[in-house]
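The values are calculated or read from the model by the stated rules, or taken from the named source; none is laboratory data. Keep in mind that what you see is a predicted model, and the values were worked out from it rather than measured. Neighbour counts are summed over all protein chains in view; Cβ atoms, including those assigned to glycine, are modelled from backbone coordinates with ideal geometry.
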Amino acid sequence: MILIAFGISFVVLLALGMPIALGLGASAMAYVLMQEDLSLTMLVQTTFGGMSSFPLLAIPLFMLAGNLMNEGGLTKDLVRFARLVMGHISGGLGLATVLASAIFAAISGSAVATAVAIGMVMIPAMKEAGYDEEVGAALTATASCMGPIIPPSIPFIMYGVIANVSIGALFLGGVIPGLLLGAFLMVYVYLVARKRGYPREPQASFGEICKGAWQALPALLMPVIIMGGILGGVFTPTEAAGVVVAYAILVGAFFYRKLKWRRIPDILLVSGLESAMVMLLLGLSEPFSWVIASEEIPQIIINAIGQISTSPYIVLLLINLLLILVGIPLETAPAITIVTPVIAPIAAQLGIDPVHLGIVVCFNLVLGLITPPVGAVLFSICSISGLSLDKLARGIWVPFFLALGVLGLITYIPALTTFLPHLIMK
């Protein structure tokens, strides 16, 4: 009865419009109050315990680094380099959008940041060149989903901390799925451009490409610094985030010379507010996770699933269907904090690789950012492109189903997510 009351209280609080972080904490408090042998002190201890993990320090640092690099002016040079490389191919502007999104994804770790930074430059350019506006907007929205998949990834950090999985292994596991999504989108825009006759840009000379690469070099080096340092044992993912912040300041202030010192307080404030929302969510998810574990909810679900099938393939299918439904109304971060304590033990008992599961969970939930009616990326792209949500929602479905195809591949071909971690980290 208490477990039912706990579940009902959580659903009711969300239905009343309470922020998800507060809903997690309030429903856990209701559970404690209904138990005579529990103290509210437990809520305080678990909440602060959930925020005191050293790896979580990487989240505000990566957010700060992304804001510093965006303010420092790397986006235009990055996009210019992508256009020089891809512009002469059929659908070149669309291909450049995907390439620039992939590179920016390896810097920001955020889908919304990638959508805004690349979309503000490429969506008007594609529209001016004669691309159908819903095609350019939908392509940019879907390409931005590489942001949380290609490392560094904030969702991977959250999942790794909650599920106790190596963040470095998750970073490596996201490389192939992220690039695979980019490849699918490139094929899509190339075929659409051939069919609809979209124009090409003049082919750049070798000298122009070299000049563009030199101007974009600081941005291109950042992913190398992050992953090279982690894999080389020079620093941990958290320490890598601190290194990237220092690098972003130096590059923005002294190479691009667009990062103004008077803007630093505003950047710190924005990054702090963004980080505070995530950290509060993670902290209040801890007592919620404790209730789930103490009531053996994963075991109950395992027993229920066992009545259907014990095949990992069927279980992964059921998990994907659940996550797609969860990702439609919920943002990625709160969805991860809610589903991970339930799903991770199930997968462990069935022998599913924890890195493989983490990539599948995060990839699936990230797609919720481009599904109506509440996808954060959709709203960002609408504000940039001037398209209505209805029109963009109609144009997003082909790229969305391509992304679902990639999800299917990484779900049932685990080597796509585990090959690099096993090869490099053994």
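For the stretch 237-268, the set of residues classified as within 22 Å of the chain's Cα centre (by Cα) and surrounded by fewer than 17 Cβ atoms within 10 Å (Cβ to Cβ) consists of E239, L268, listed by residue number.
With the condition kept exactly as written, say whether any residue in the stretch 415-422 is modelled with pLDDT of 85 or more, in contact with a Leu (Cβ under 8 Å, 6 or more places away or on another chain), closer than 27 Å to E133 by Cβ and not aliphatic (A, V, I, L, M). No, every residue in the stretch 415-422 fails to be modelled with pLDDT of 85 or more, in contact with a Leu (Cβ under 8 Å, 6 or more places away or on another chain), closer than 27 Å to E133 by Cβ and not aliphatic (A, V, I, L, M). Of all residues in the stretch 78-120, those that are among the hydroxyl-bearing types (S, T, Y), outside any helix (DSSP H, G or I) and either over 24 Å from L367 (Cα atoms) or modelled with pLDDT of 85 or more (or both) total 1. One residue alone among L423, L365 is assigned to a helix (DSSP H, G or I), aliphatic (A, V, I, L, M), over 20 Å from V189 (Cβ atoms) and without any contact (Cβ under 8 Å) to a residue 12 or more places away in the chain, and that residue is L423. No other residue among G160, G136 is more than 30 Å from F254 (Cα to Cα) and in contact with a Ser or Thr (Cβ under 7 Å, 6 or more places away or on another chain) apart from G160.
The number of residues in the stretch 105-143 being in contact with a Leu (Cβ under 8 Å, 6 or more places away or on another chain) and among the hydroxyl-bearing types (S, T, Y) comes to 2. When A111, A82, A129 are checked against the criterion of being more than 19 Å from V406 (Cα to Cα) and touching a residue at least 40 places away in the same chain (Cβ under 8 Å), a single residue qualifies: A129. Out of P202, P148, one residue alone is touching a Gly at 6+ places or on another chain (Cβ under 8 Å), exposed (fewer than 14 other Cβ atoms within 10 Å of the Cβ) and modelled with pLDDT under 90. It is P202. Could you list all residues from the stretch 169-193 that are surrounded by fewer than 20 Cβ atoms within 10 Å (Cβ to Cβ) and of a type in the set (G, A, S)? Of everything in the stretch 169-193, just one residue is surrounded by fewer than 20 Cβ atoms within 10 Å (Cβ to Cβ) and of a type in the set (G, A, S), namely A183. Looking only at residues of the stretch 317-338 that are buried (at least 20 other Cβ atoms within 10 Å of the Cβ) and modelled with pLDDT of 85 or more, we find that the one that is nearest to W290 (Cα to Cα) is I336. Can you confirm whether I123 is at pLDDT below 90, part of a helix (DSSP H, G or I) and within 30 Å of I346 (Cα to Cα)? For I123, the condition - at pLDDT below 90, part of a helix (DSSP H, G or I) and within 30 Å of I346 (Cα to Cα) - is not met. Within the stretch 256-280, being in a helix (DSSP H, G or I) and either at positive phi or without any contact (Cβ under 8 Å) to a residue 40 or more places away in the chain (or both) holds for W261, R262, I264, P265, D266, L269, L273, A276.
In this structure, M42 does not satisfy being at pLDDT 80 or above, surrounded by fewer than 22 Cβ atoms within 10 Å (Cβ to Cβ), within 17 Å of L284 (Cα to Cα) and over 25 Å from the mean Cα position of the chain (by Cα). Going through (1) among the aromatic types (F, W, Y); (2) in contact with a Pro (Cβ under 7 Å, 6 or more places away or on another chain); (3) farther than 30 Å from L402 by Cα one by one, F48 falls short only on (2).
Among the residues of the stretch 393-400, are any outside any helix (DSSP H, G or I), at pLDDT 85 or above and of a type in the set (A, V, I, L, M)? So far as the stretch 393-400 goes, yes, one or more of its residues are outside any helix (DSSP H, G or I), at pLDDT 85 or above and of a type in the set (A, V, I, L, M). Scanning the stretch 186-221 for residues that are hydroxyl-bearing (S, T, Y) and in contact with a Phe, Trp or Tyr (Cβ under 9 Å, 6 or more places away or on another chain) yields one hit, Y198. When the stretch 230-240 is filtered for residues that are assigned to a helix (DSSP H, G or I) and modelled with pLDDT under 80, the ones remaining, listed by number, are I230, L231, P237, T238. A single member of P341, P345, P372 is closer than 28 Å to S27 by Cα and either in a loop (DSSP other than H, G, I, E, B) or free of Cβ contacts under 8 Å to residues at least 24 places away in the same chain (or both), and it is P372. Is it fair to say G23 is under 27 Å from the mean Cα position of the chain (by Cα), modelled with pLDDT of 75 or more, of a type outside the set (D, E) and surrounded by 20 or more Cβ atoms within 10 Å (Cβ to Cβ)? Spelling it out, G23 is indeed under 27 Å from the mean Cα position of the chain (by Cα), modelled with pLDDT of 75 or more, of a type outside the set (D, E) and surrounded by 20 or more Cβ atoms within 10 Å (Cβ to Cβ). If you check L369, L392, L420 for being farther than 30 Å from H356 by Cβ and surrounded by 14 or more Cβ atoms within 10 Å (Cβ to Cβ), only one passes: L392.
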